Structure formats: structure tokens, C-alpha cells
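Please treat every number below as a calculation from the coordinates, not as lab data. Computed from a predicted model, the values in this text were never measured in an experiment. Don't worry about glycine lacking a Cβ; one is built from the backbone with ideal geometry, like all the others, and counts go over all protein chains shown.
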Amino acid sequence: MKKILLAIISLFLLVSCGASESLDVINPDADYVYFYWKTCPHCLKVKKYFDDNDIMNKYSIEKREVWNNKENKAYLDKIVWQLWLSAEQEWVPFLYNKSDKSYIIWDSDIIKLFDSNVPLINKEQKN
């Protein structure tokens, strides 16, 4: 019983502390939408990769946290529905390509995509 209570309190503290800061980058004109949870270990790997490689400044990406934000979660649900994906396929991290309606799930696949630079459009190439 003590372990369950401790786990609930820990989860509450993680969520309440993380909810105070907004990490979203809302940009309707972005080429990609990246959905994540602030405390997801896979999302944290992508965040570290994005930070280490300055990805958010190099590419046109809209970034939306879905655990604490109902509007962002509803947007992800809408995309999943449009892609005819099942609820079991709605995982984060989730990267959605707006132009060709493709998507990538999981940290390793998202990182591989950015490592290959294909088919991403660099901000500098667009100008």
C-alpha cells in the first residue's frame, strides 16, 4: 500500500511540476508536427537529440505536448483518425509530416530520419 501511495504522489509531483512550463512551439505553417510527453523516456531521448543538434532551429517543426494539454491531445487524435491508425498505434514520440501525411513513431526512427536528412526540408532550403 505504501508503494502505491508513493507512486501516486511521485506521479502527481512529476505532472504538476512539469505542467508549469510550456515547451510547445505552435506554428500552423510548419512542415512537421512533433507530439511528445514531457516525462516519456523515449521523448526525452528525442528532446536531447533535438537540443544537441539544434533541430528546432534548423527545421520547420511544430512541437506539441499531449499529456497536459487537451487541445494538443485532441489534435493528435484527429491526425491518428485521419491516418486510419488504431488507438494502439497512437504512441509518442510521434512525428507527422503535413505535406505527404506520413508519420513516424518512436525515438530511434525519428532520430534516424533527422540523421539522414531525408525527406526533411531544411529551413534554409525553403528560403
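Structure values in brief
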{"quantity": "Rounded FRET efficiency, nearest 0.05, which uses the C-beta distance separating residue 73 from residue 53 and R0 of 35 Å", "calculated": "0.85"}
{"quantity": "Spin-label model distance (nm) - residue 106 vs residue 86, 7 Å beyond Cα toward Cβ", "calculated": "1.7 nm"}
